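Student: Okay, handing you the structure first.
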Protein chains: 2
Amino acid sequence: MFNKAEALKKLPSINVSAQLAAIVGQKNIITDHVAMANYLSEPRGLFQGRAACVVRPGSTAEVAAIVAFCAETGTKIVPQGGNTGLVGGQTPSERGDEIILSLGRMDKVREVDPASNTLIVEAGMTLAQVRAEAENAGRYFPLSLPAAAFCTIGGNLATNAGGTAAIAYGVARDLVLGLEVVLADGQILSDLSKLKKNNTGYDLKNIFIGSEGTLGIITAVVLKLFPKPRAMATAFVGLADPHAALRLLNLARERVDHELKTFELIPRIAVDFVLAHGEAARDPLLAPHTCYVLLELAGQSKGVDERLRGLIEAAHERGIIAEAAVAVLPDARKDLWRIRQQISDVQACEGGSIKHDVSVPIADVPAFLEEVERAVTERIPGARLVAFGHLGDGNIHCNVSQPIGADEAAFVARWDEVNEIVHAIVADHGGSISAEHGIGRLKRALLPRVKDPVALELMRTLKRTLDPQGILNPGKVL
Amino acid sequence: MFNKAEALKKLPSINVSAQLAAIVGQKNIITDHVAMANYLSEPRGLFQGRAACVVRPGSTAEVAAIVAFCAETGTKIVPQGGNTGLVGGQTPSERGDEIILSLGRMDKVREVDPASNTLIVEAGMTLAQVRAEAENAGRYFPLSLPAAAFCTIGGNLATNAGGTAAIAYGVARDLVLGLEVVLADGQILSDLSKLKKNNTGYDLKNIFIGSEGTLGIITAVVLKLFPKPRAMATAFVGLADPHAALRLLNLARERVDHELKTFELIPRIAVDFVLAHGEAARDPLLAPHTCYVLLELAGQSKGVDERLRGLIEAAHERGIIAEAAVAVLPDARKDLWRIRQQISDVQACEGGSIKHDVSVPIADVPAFLEEVERAVTERIPGARLVAFGHLGDGNIHCNVSQPIGADEAAFVARWDEVNEIVHAIVADHGGSISAEHGIGRLKRALLPRVKDPVALELMRTLKRTLDPQGILNPGKVL
């Protein structure tokens with residue numbers, strides 16, 4: 001039997017980019033290596049690859065035609081949004097035979113429906129633009145990430161992004177009502193439902209959300225909108241240890257759960273790093289404390305600041321907190337947030353840093369942090385644990401900075417060794433080695449060691465079933 | 001090659017119940033037809049079937065052994081929780097060769113972790129018991145259904161139940177962190193994660209939630225717990241029409257979104273039915289109104305009743321509402337809820353009723369209701385639309401009562417004809433023909449007519465992949 005796919009693959013003269021140009025137009029194909037550079041490595045330079053070309057479709061029909069062509073020819077596709085992913089999921093391999101399918105041109109609004117609290121946009125719209133569109137409609141879209149100006153909503157969903165508002169509004173998965181997805185054979189799955197309740201069969205959208213482009217290419221999404229918070233109040237609280245932070249979290253949930261928008265744990269060392277290397281930073285509290293919580297309430301009704309003050313007083317009476325600064329005005333809020341926002345960046349000023357994006361059950365966080373600090377400093381005396389992040393979700397960015405004066409390269413060379421120490425403690429606590437960044441290339445080799453074997457086999461079965469040729473984002477996740 | 005499954009199937013003397021008794025013990029097998037009766041038909045008597053036996057496992061290992069035996073012998077399995085489903089998903093076929101796997105004995109708590117706000121229970125625990133366990137731990141589990149005393153949490157998840165608190169806390173799917181599932185080959189998928197954030201691979205749990213027992217059998221679940229609401233306030237509001245109800249909904253979201261726990265639309269005819277046939281019912285308002293909203297706020301902080309009063313005053317000033325009764329004390333709250341809770345039951349006193357469990361985008365609800373009323377009464381003059389339910393989720397139970405004095409049997413015989421009229425209007429609005437009850441046997445034939453063909457084929461692919469022999473709940477959904 002004549003096998004067209006095999007025949008096409010064997011043709012030495014086949015020019016993938018010329019074929020794709022027929023679909024999207026020559027000006028939307030990039031083959032020049034200089035022009036491709038921005039797509040081939042991610043901003044930190046941790047992952048780099050090569051590609052046959054970059055193709056930039058302008059519509060779902062074009063994406064479908066590209067994928068159909070790739071399915072026919074066995075061409076492998078790396079879908080790419082804003083190229084801000086942290087695990088190399090958006091970077092092609094070194095082989096050079098993959099194409100990068102950039103969603104960047106698909107950045108249009110399809111529908112705004114403020115009365116239904118829904119917004120339908122194409123996958124290539126940046127998160128910042130999505131938030132602006134919601135704002136223009138008198139609504140609020142809560143997903144908040146440092147990369148908002150560059151990352152795309154399609155990428156946010158492909159990686160099930162988290163961020164600092166997840167405690168109140170959930171992760172990216174929770175903010176979606178419907179999806180449009182191009183499947184591995186080029187068919188378009190049209191599930192752009194605006195419904196909050198729809199029990200007509202299997203939940204297909206969640207198969208694709210968080211699958212990092214390995215099961216289908218998200219081309220459009222129906223997002224949930226929320227009322228704009230009418231009042232906000234923010235506090236920076238000093239505490240004796242993470243146990244106290246956990247007690248504060250539970251008191252906050254009891255008293256102001258519905259308004260608790262942010263609950264971020266910050267260790268003293270992170271504040272020190274920001275004060276030493278950050279911009280316009282000052283210590284918001286009089287005395288130093290072992291750890292801090294950045295706490296924000298957002299609500300619809302008056303009295304949010306009174307309720308925040310009431311919470312802080314109650315926590316102080318119970319001996320949970322040592323000191324607190326409260327911000328109600330926007331500039332003061334920004335000052336407090338600036339400390340949190342600079343933590344990731346300023347770590348680089350202190351030399352090498354070995355990073356972990358992990359989660360454990362919330363109650364386990366304090367013990368987990370103690371065990372990690374002990375184990376890491378036993379192995380590498382002087383190593384400095386900088387564990388910060390979303391305590392309200394049990395998700396701590398458990399980074400380890402090099403000992404002062406140590407050799408940076410030698411320290412970073414121990415990346416896998418330190419990962420192994422931390423991930424073993426994560427496993428002891430029933431935690432996750434990737435809470436919000438995903439698996440991508442970075443953690444692919446680790447997955448079989450931490451995942452239930454039945455779950456892993458079911459993932460492989462899904463991949464074989466939905467992408468039998470393995471053309472979608474090969475070498476990622478599985 | 002010797003095929004054990006084929007050989008076993010062909011053995012005429014094979015006694016399924018004896019083999020299953022070896023797994024669960026003779027006392028946990030029911031073969032007597034009288035004793036089986038409660039499992040073979042559902043409480044309303046709409047669906048009935050026959051079965052080889054009922055098997056009642058006491059552990060996940062026993063469920064796995066039963067399913068492995070069934071996979072080996074090609075025996076078909078109907079999983080059953082509390083047998084309260086409304087679409088026949090839990091009822092066996094007429095063939096009599098299926099077994100019913102009742103989860104009722106698996107009703108134990110596995111772990112309570114109030115500090116992490118999680119509860120792990122077996123699938124056969126009733127919803128009422130789950131709520132009681134949360135309460136005992138000083139926490140709250142929000143899923144609220146009329147069948148709470150009988151339905152099981154496993155059944156709630158298998159059907160992705162909704163209920164009256166979904167506007168605030170989401171549907172069943174949203175209340176789950178992890179699952180344990182027995183797959184069609186008897187393997188146990190152990191995904192009992194307590195993590196809010198876990199991006200290590202594909203989202204497997206949502207494949208099984210809402211799959212109505214056709215892809216796997218849920219045996220245990222990790223549920224999210226919430227702080228107990230410390231204050232509640234309830235109002236019964238009279239309005240001129242559903243447009244006004246929608247305006248009230250958006251005003252409520254703007255002013256008290258985080259505390260809005262219930263927003264139920266009730267038409268005058270439903271109040272009339274309850275007043276005529278219900279228990280201890282009185283009209284809470286002075287004058288009759290075209291429609292009503294039962295509105296409830298639940299919060300953690302003081303002032304909920306003031307905020308409810310403020311909302312009502314603001315709505316009144318804007319001309320949105322005509323009259324309102326506010327209840328703060330528990331007995332007064334119960335009085336208001338009693339009207340809502342009796343609507344389904346009292347409809348039977350008015351003769352035949354053709355039911356629809358549909359949803360449309362929230363903004364479309366008023367137009368949708370007008371179109372349905374016009375179309376149905378054009379076809380059946382005198383037919384009475386009783387459209388009530390979860391306006392906050394766009395989910396309306398759009399029931400049609402027979403004309404006064406008409407022949408009940410003749411009216412109910414027009415079930416499919418009326419369904420077709422209503423579902424056509426649902427489709428025009430991009431709605432769902434099953435918002436919260438599922439597909440089961442009742443709507444199986446309708447599914448191909450309303451579902452995107454690519455989505456339907458993907459569902460079939462999932463079914464073939466996860467249950468290649470088709471032994472799990474055959475004849476349901478697909």
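The values are calculated or read from the model by the stated rules, or taken from the named source; none is laboratory data. As the structure is a prediction and not an experimental result, all values here were calculated from the model. Neighbour counts run over all protein chains shown; Cβ positions are idealised from the backbone, glycine included. Ligands, DNA and RNA are stripped out before the accessible areas are found, and what is left, the full protein with its side chains, is counted by its heavy atoms. Shrake-Rupley method; radii C 1.70, N 1.55, O 1.52, S 1.80 Å.
Student: Here is a check on your reading of the model: is residue B:290 among the polar types (S, T, N, Q), away from chain A (no Cβ under 11 Å) and within 24 Å of the chain's Cα centre (by Cα)? Please lay out each step first, then the result.
Tutor: On the way: among the polar types (S, T, N, Q): yes; away from chain A (no Cβ under 11 Å): yes; within 24 Å of the chain's Cα centre (by Cα): no.
The answer is no for residue B:290.
Student: Tell me which helices (runs of 4 or more DSSP H) are completely within the range A:148-227 and hold 2 or more residues being aliphatic (A, V, I, L, M), at negative phi and more than 11 Å from chain B (Cβ to nearest Cβ), or say none if there are none. Outline the logic, then answer.
Tutor: On the way: elements: A:153-158, A:166-169, A:205-208.
Hits in the range A:148-227: A:153-158.
Student: Continuing with this model, one more query. Pull up the range A:431-455, narrow it to residues that are small (Gly, Ala, Ser) and within 7 Å of another protein chain (Cβ to nearest Cβ), then point me to the one that is most open to solvent (accessible area, probe 1.4 Å).
Tutor: Here the residue is A:431.
Student: Restricted to the range B:456-465, and to residues that are open to solvent by 10 Å² or more (accessible area, probe 1.4 Å) and touching a Ser or Thr at 6+ places or on another chain (Cβ under 8 Å), which residue is farthest from the other protein chains (Cβ to nearest Cβ)?
Tutor: B:463
Student: If you go through the range A:414-428 one residue at a time, do you hit one that is within 14 Å of chain B (Cβ to nearest Cβ) and either over 23 Å from the mean Cα position of the chain (by Cα) or in a loop (DSSP other than H, G, I, E, B) (or both)?
Tutor: Within the range A:414-428, one or more residues are within 14 Å of chain B (Cβ to nearest Cβ) and either over 23 Å from the mean Cα position of the chain (by Cα) or in a loop (DSSP other than H, G, I, E, B) (or both).
Student: Determine which single condition residue B:202 fails, assuming it passes every other condition in (1) buried (at least 24 other Cβ atoms within 10 Å of the Cβ); (2) within 25 Å of residue B:103 (Cα to Cα); (3) not acidic (Asp, Glu).
Tutor: (2)
Student: Let me ask something additional. Would you confirm whether or not the range A:234-256 contains a residue that is within 9 Å of chain B (Cβ to nearest Cβ), in a loop (DSSP other than H, G, I, E, B) and not aromatic (Phe, Trp, Tyr)?
Tutor: Checking the range A:234-256: not a single residue is within 9 Å of chain B (Cβ to nearest Cβ), in a loop (DSSP other than H, G, I, E, B) and not aromatic (Phe, Trp, Tyr).
Student: Could I ask something else about it? Name the residue that is farthest from the chain's Cα centre (by Cα), counting only residues in the range A:449-474 that are in a helix (DSSP H, G or I) and at pLDDT below 95.
Tutor: Filtering first and then ranking leaves A:449.
Student: Follow-up question, since we're still on this one. Please go through the range A:62-78 and give me each residue that is over 19 Å from residue A:39 (Cβ atoms) and either β-branched (Val, Ile, Thr) or free of Cβ contacts under 8 Å to residues at least 12 places away in the same chain (or both), ordered by number.
Tutor: A:73, the sole residue that qualifies.
Student: Here is a follow-up. Specify the residue that is surrounded by the most Cβ atoms within 10 Å (Cβ to Cβ); the eligible residues are those in the range A:395-411 that are within 23 Å of the chain's Cα centre (by Cα) and away from chain B (no Cβ under 14 Å).
Tutor: A:400
Student: Out of everything in the range A:297-346 that is acidic (Asp, Glu) and over 22 Å from residue A:387 (Cα atoms), what residue ends up being farthest from the chain's Cα centre (by Cα)?
Tutor: Of everything passing the filter in the range A:297-346, A:317 is farthest from the chain's Cα centre (by Cα).
Student: While we're on this one: Could you pull out the residue among A:111, A:122, A:133, A:98 that is away from every other protein chain (no Cβ under 14 Å) and without any contact (Cβ under 8 Å) to a residue 60 or more places away in the chain?
Tutor: None of the other options fit; the residue is A:133.
Student: Still on this model: Can you report the number of residues in the range A:76-129 which are open to solvent by less than 20 Å² (accessible area, probe 1.4 Å), at negative phi and not in a strand (DSSP E or B)?
Tutor: Looking only at that region, the number is 13.
Student: Identify the residue in the range B:378-394 that is more than 14 Å from chain A (Cβ to nearest Cβ) and among the small types (Gly, Ala, Ser) and, among all such residues, is farthest from the chain's Cα centre (by Cα). I'd like the intermediate steps shown before the answer.
Tutor: If we filter the range B:378-394 for residues that are more than 14 Å from chain A (Cβ to nearest Cβ), which is where we start, we get B:378-388.
Okay, now just the ones that are also among the small types (Gly, Ala, Ser), so B:382-383, B:387.
Numbers: B:382: 30, B:383: 26, B:387: 17 Å.
Checking each candidate, the answer is B:382.
Student: Go through A:252, A:233, A:270 for me and flag whichever is touching an Asp or Glu at 6+ places or on another chain (Cβ under 6 Å), open to solvent by less than 10 Å² (accessible area, probe 1.4 Å) and hydrophobic (A, V, I, L, M, F, W, C).
Tutor: Just one listed residue meets the conditions, A:233.
Student: Does residue A:278 satisfy being within 14 Å of chain B (Cβ to nearest Cβ), crowded, with 18+ Cβ neighbours inside 10 Å, in contact with a helix residue (DSSP H, G or I) (Cβ under 7 Å, 6 or more places away or on another chain) and in contact (Cβ under 8 Å) with a residue 12 or more places away in the chain?
Tutor: no
Student: With the checklist (1) open to solvent by 20 Å² or more (accessible area, probe 1.4 Å); (2) among the hydroxyl-bearing types (Ser, Thr, Tyr); (3) modelled with pLDDT under 95 in hand, flag the one item residue A:262 doesn't pass.
Tutor: For residue A:262, the failing item is (1).
Student: Among the residues of the range A:344-377, which ones are of a type in the set (Val, Ile, Thr), away from every other protein chain (no Cβ under 14 Å) and under 21 Å from residue B:196 (Cβ atoms)?
Tutor: Residue satisfying the conditions is A:372 alone.
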